[in-house]
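Take a look at the structure below.
Any read-out appearing in this document is the output of simple, stated calculations on the displayed coordinates, not a laboratory observation. Quantities reported herein were computed from a predicted structural model and do not represent experimental measurements. Here the Cβ positions follow ideal geometry from the backbone for every residue, glycine too, while neighbour counts run over all protein chains shown.
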Amino acid sequence: MIAISVDDKVLWSLVGLYGILIIASLIIAFLKKTVAEKSYTELTQRVKSWWVMVTVFTLAMLLSRNISLMFFGFISFLALKEYFSIIPTRRADRRILFWAYLAIPIQYYLVSIEWYGLFIIFIPVYVFLFLPMRMVIIGETKNFLHAAGTLHWGLMTLVFSMSHLAYLLVLPPLDNFKAGGVGLVLFLVFLTQFNDVSQYVWGKMLGKYKIIPKVSPNKTWEGFLGGVLTTTILSVLLAGLLTPLSFKMAIAAGLIISITGFIGDVIISAVKRDIGVKDSGNLLPGHGGILDRIDSLTYTAPLFFHFIYYLHY
Amino acid sequence: MNQLLRLLFYKVIVKFVVLIVLGLNVRHREKLPKQGPAILVANHNSHLDTMVLMSLFPTRLLATIQPVAAMDYFLRNRLLAWFALKIVGILPIKRTIKNRHDNPLLPCYEALANQRILILFPEGSRGEPEKLANFKGGIAKLAEQFPDVPVIPILLHGLGKSLPKGEALLVPFFCDVFIGDPMFWTGNKKTFIQKLKQSMEQLATEGQFSAWD
């Protein structure tokens, strides 16, 4: 049934992941019984959505390599669609948006054939140059620069950056590192999402000094630093299981993921604030849209990828 | 055979296009009628409008729902007529009246008497994308004739961006479907149309629609 040969350590990590979900669900059930006066609807919805996301993710990772790649491509598609639906777009650009969507299958196809050289320049160079050319042929000049800019920003963050997750997956196993791409993806996605949650929890418990009040009034220094610390410790603990990183480099990876994850998060917050929406969508009950969930990954995926690529491949 | 094709069309193709390619944001789904007779009234920007509305209902109701559509447009050739009548399942009505005794709404009366759920676009045609045009009077006549049948206003947004009039290329966007409270005949054509339009505009204020021009 399982087409990819999965390393034992990856399987055990997945078991651990489900363990966390079970504990989270139990805590909420316990809170509901004992502290009844508060409403736990959003928290319950959130954890429910986590169950769904983790299950879909696990299946996508374990079934086969191509299913995993299509899964990441689909995430990019959903995110780009959400982005195009909330930003102002020009009527004249309907067809341009279609071309932009077309970049997704091509980008993920490049991952599947492991053509690294083109994968790394396809969107930043070719799509970047092609879309404005196509826009000029249509000829609408009003708000031209704004349209070209927003389009390319969306493609870079939601397709190009996110496709680094997929490229992690196709990285080959090394002699002394058997978990392979699946291990790396699991490590990155788990730490990034864990970092989000732990920054939130630390912020709720100790939060006092606002870190970036103009963009995200609920984010505090205590939450940020607590998250960085917890994520980095976890990175060191998990790196031996899921990555080829040494102790020192595991600390560096933890810092990269926790600090830049925060940056990705607040950047999507800034975009939503600019547009004037609270959630980017309602695909994930309790979380908002898909952009609200992958915001941190748009930063951590390319940065972690190049970190590990430079060190080990 | 046609019935099977219709089921496949709605449950496979339409579901795929509506849920995967587009993606819906439905608000107040519980206000949809659980059975006929009922009249769904929506703004009209795209051929996708009907598909989206049909996709909101369970399979058991599929046979009871009929989109009311212009005869001159959808029955203009045999292939299209087969597709519109047998697969989409439209209720064709005439848009032009030849003489005084000709009531184009008679098929609608009959359908409502048979406990059908009708989908009606009172703007008459798809019009300019994402703009609400004036309502035609037919909906008022139907409500007057059937004062006990609920009229449910539904606001659609985004479909005119995905597939506007005159375009063949579908571009994916998330689309909004806001369902309003059922309303009934007010006793007067003018107030009825006014009230219906007001509730559509009210629904529109629930959403936050990004600029498109």
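Values as computed for the structure displayed
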quantity	calculated
A:Trp153-B:Asp213 FRET efficiency (beta carbon distance; Förster radius 30 Å; 0.05 resolution)	0.90
Region B:2-205 - Rg and Dmax from Cα coordinates, angstrom	16.1, 47
Sum of side-chain charges, B:Gln35 neighbourhood, beta-carbon under 13 Å (Lys, Arg +1; Asp, Glu -1)	+3
Stokes-Einstein D (µm²/s) once Rh is taken as the Kirkwood radius of region A:1-150 over alpha-carbon pairs, at 37 °C in 0.692 mPa s	171 µm²/s
Region A:18-41-region B:156-172 distance, computed between alpha-carbon centres (Å)	43 Å
Total charge dipole magnitude, the protein assembly as shown, about the Cα centre, Cβ charges on Lys, Arg, Asp, Glu only, Debye to nearest 20	1300 debye
Listed residue (B:Ser46, A:Trp221, A:Gly149) projecting farthest to the positive dipole end of the protein assembly as shown, Cβ model	B:Ser46
Charge context of B:Leu5, other residues only, Cβ under 13 angstrom, K/R +1, D/E -1	+3
Mean separation of Cα contacts under 8 Å, 6 or more apart, over the residue count of region B:39-101: relative contact order %	29 percent
Helical contribution to [θ] at 222 nm, DSSP H n ≥ 4, -39,500 (n - 2.57), averaged over the protein assembly as shown, rounded to 500	-17500 deg cm²/dmol
Dipole in debye (nearest 20) - region A:31-159, about Cα centre, beta carbon charges: Lys, Arg +1; Asp, Glu -1	360 debye
Full-extension gain in nm, A:Ile275 to A:Lys32, via 0.36 nm per residue minus C-alpha separation	83.9 nm
Student exercise, chain A dipole from Lys, Arg, Asp, Glu Cβ charges, in Debye to nearest 20	740 debye
Distance between region A:161-179 and region A:113-132 - C-alpha centres, whole angstrom	20 Å
Paramagnetic reach from A:Glu42 in region A:287-313 [backbone N under 16 Å; point 7 Å along Cα→Cβ]	A:287-289, A:292-293
Cross-link reach list, lysines versus A:Lys178, counting only Cα pairs under 18 Å and skipping chain neighbours closer than eight places	A:Lys9
Kyte-Doolittle at least -0.5, axis length at least 20 Å by Cα - qualifying DSSP helices, chain A	A:8-34, A:41-63, A:65-86, A:94-112, A:180-206, A:221-242, A:247-275, A:297-312
Calculated FRET efficiency for the pair A:Ile267/A:Leu225, C-beta based, R₀ 22 Å, to 0.05	0.70
Euclidean distance between Cα centres, region A:196-227 to region B:33-60, Å	45 Å
Most fluctuating residue given options A:Met205, A:Met61, A:Met249, as computed from a GNM of chain A linking Cα atoms under 10 Å	A:Met205
Summed side-chain charge close to A:Leu43 - residues other than A:Leu43 whose Cβ falls under 12 Å, Lys, Arg +1, Asp, Glu -1	+4
Global form of chain A, assessed from the alpha-carbon gyration tensor, a/c cut-off 1.5	oblate
Sites A:Leu174 and A:Val201 - FRET efficiency at Förster radius 45 Å, r taken between beta-carbons, to 0.05	0.80
Rg followed by Dmax, in Å, when region A:66-170 is reduced to its Cα trace	13.7, 43
Extension gain from A:Ser64 to A:Val125, taking 0.36 nm per residue of separation minus the Cα-Cα distance	18.9 nm
Choice from A:Ser112, A:Ser246, A:Ser269 showing the highest fluctuation, given a GNM over chain A with Cα pairs closer than 10 Å	A:Ser246
The protein assembly as shown: equivalent-ellipsoid semi-axes (sqrt of 5 x gyration tensor eigenvalues, Cα, Å)	48, 26, 22
